[in-house]
Ligand code: PHE
């Protein structure tokens, strides 16, 4: 997941629903060294739904890089809870598309999150060498199976099943850094609409122009439906699965905010999975990102809270409520310095810290780094911020967690503590 926006905290800035919301964009267009050609099969596949079994996720495969911390989030389905901010945003988007094109869009929100690398990458033309395929960025169940890292993983199969206008909402998974806007599980909605020859003849536009115009009209309307009378602007972008590609930004509370990625679907995806002679648009948006902006939620972790002080603030259909912070419990800071090894990766560090500290870990930040001139070795110092949303933490419990972090970091990441 190439990112063009450097962040001060650790890790690659990668994604949708987060600071830099688009994972698959990149500043420059990578070469198209690809990817297996997708098979054109008319699918009457039986689709699996529900919470996966633990052994379907944590498989013992040498390629498996999924922890129980991640598995425990699966099946929580925040997007299917009508009174949860993520469910409220989903429904508001449904309502918008329903009002714009009554009956047109078929909605899916229970697609199984375990998908093949083919569906997640190949079928949407993600190049074989694209960084998003790296096990540093994506959760692998085994060499050919992943936790979907975007809802675009369902584009091709849904087209093959014959749908020409659909919205697919689901939980998506990305290995990443830790802070107030980054969480390894979040929610996306994918939208696709296919046009036929009759549509562009009726519009008097060429097929690509028609798709582009309808896409931009639909999404600007959506932004206004959610955020009121906001100013919108379009930024040229790159995604492997769309051409041309755009990002929508809105001017909200004095800042330009990136809200989604979209474009005219790469013709090959349609030709291989639908029928030739059609044109389509596609968009992908991060629900957490929208919910944080709309409801004034300052920390992405709070969406996973069971605390009534959070949950009771929102109710189905109400886009007007604003998050009222309740007392913030004190944070506890622990610093840890070590000599990094060539294999060291910040995402691996974050994953490990989270697997020990769970949601008590608010942030992991590199606060200092230097290279010893004589030995050429580099030392990084990380600050781990622990905080509970629900209670005060005791010194003993944090010290015990930090001790575990230190010993695991040394053993598992093979770095030398200082
Ligand atoms: N899948 C893209 C992402 O996760 C978003 C996107 C979807 C962009 C569809 C264009 C079209 O970053």
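Here are the numbers for the structure shown:
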read-out: Residue match in region 140-161 (condition: at positive phi and either more than 13 Å from the ligand (Cβ to nearest atom) or in contact with a strand residue (DSSP E or B) (Cβ under 8 Å, 6 or more places away or on another chain) (or both)); value: no
read-out: Residue match in region 311-320 (condition: part of a helix (DSSP H, G or I) and modelled with pLDDT of 95 or more); value: yes
read-out: Residue, nearest to residue 304 (Cα to Cα), within region 372-394, restricted to residues that are free of Cβ contacts under 8 Å to residues at least 60 places away in the same chain and surrounded by fewer than 12 Cβ atoms within 10 Å (Cβ to Cβ); value: 394
read-out: Residues being more than 14 Å from the ligand (Cβ to nearest atom) and assigned to a loop (DSSP other than H, G, I, E, B) - total across region 114-133; value: 3
read-out: Hey, residue 270 at pLDDT 95 or above, more than 22 Å from residue 180 (Cβ to Cβ) and either under 17 Å from the mean Cα position of the chain (by Cα) or part of a helix (DSSP H, G or I) (or both) or not; value: yes
read-out: Where a residue in region 284-309 is farther than 21 Å from residue 257 by Cα and touching a residue at least 12 places away in the same chain (Cβ under 8 Å) and its partner, wherever it lies, is within 16 Å of the ligand (Cβ to nearest atom) and outside any helix (DSSP H, G or I), with Cβ under 8 Å and at least six apart; value: 304/183
read-out: Long-range neighbours under 9 Å by Cβ, at least six apart or interchain, first residue over 26 Å from residue 74 (Cα atoms) and outside any strand (DSSP E or B) within region 158-177, second within 13 Å of the ligand (Cβ to nearest atom) and at pLDDT 95 or above; value: 163/192; 164/192; 164/193; 164/280
read-out: Residue count, region 238-267 (criterion: within 14 Å of the ligand (Cβ to nearest atom) and at pLDDT below 95); value: 2
read-out: Any chance residue 137 is within 16 Å of the ligand (Cβ to nearest atom), part of a loop (DSSP other than H, G, I, E, B) and either under 25 Å from residue 192 (Cβ atoms) or without any contact (Cβ under 8 Å) to a residue 24 or more places away in the chain (or both); value: yes
read-out: Selection count where residues are surrounded by 15 or more Cβ atoms within 10 Å (Cβ to Cβ) and at pLDDT 50 or above, scope region 18-75; value: 19
read-out: Close pairs from region 239-251: first on the phi > 0 side of the Ramachandran plot, partner modelled with pLDDT under 95 and crowded, with 22+ Cβ neighbours inside 10 Å, Cβ under 6 Å, at least 6 apart; value: none
read-out: Checklist (1) at pLDDT 95 or above; (2) under 24 Å from residue 182 (Cβ atoms); (3) touching a helix residue (DSSP H, G or I) at 6+ places or on another chain (Cβ under 9 Å) applied to residue 367, failing item; value: (3)
read-out: Unique residue being surrounded by 13 or more Cβ atoms within 10 Å (Cβ to Cβ) and in contact with a helix residue (DSSP H, G or I) (Cβ under 9 Å, 6 or more places away or on another chain) when the list is 309, 301; value: 301
read-out: Restricting region 192-233 to residues that are closer than 25 Å to residue 295 by Cβ and in a strand (DSSP E or B), the residue that is farthest from the chain's Cα centre (by Cα); value: 231
read-out: Residue in region 262-283 that is farther than 25 Å from residue 105 by Cα, surrounded by 15 or more Cβ atoms within 10 Å (Cβ to Cβ) and touching a helix residue (DSSP H, G or I) at 6+ places or on another chain (Cβ under 7 Å) present; value: no
read-out: Residue match in region 129-138 (condition: at pLDDT 95 or above and in contact with a strand residue (DSSP E or B) (Cβ under 7 Å, 6 or more places away or on another chain)); value: yes
read-out: Exclusive hit being in contact with a helix residue (DSSP H, G or I) (Cβ under 8 Å, 6 or more places away or on another chain) and surrounded by fewer than 16 Cβ atoms within 10 Å (Cβ to Cβ), set 199, 229, 206; value: 206
read-out: Unique match (being modelled with pLDDT under 95 and either farther than 30 Å from residue 209 by Cα or crowded, with 24+ Cβ neighbours inside 10 Å (or both)) among 187, 154, 150, 182; value: 182
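The values are calculated or read from the model by the stated rules, or taken from the named source; none is laboratory data. Since the model is a prediction, treat every value here as computed from it, not as a measurement. FYI the Cβ positions are ideal-geometry reconstructions off the backbone, even for glycines, and counts take in every protein chain you see.
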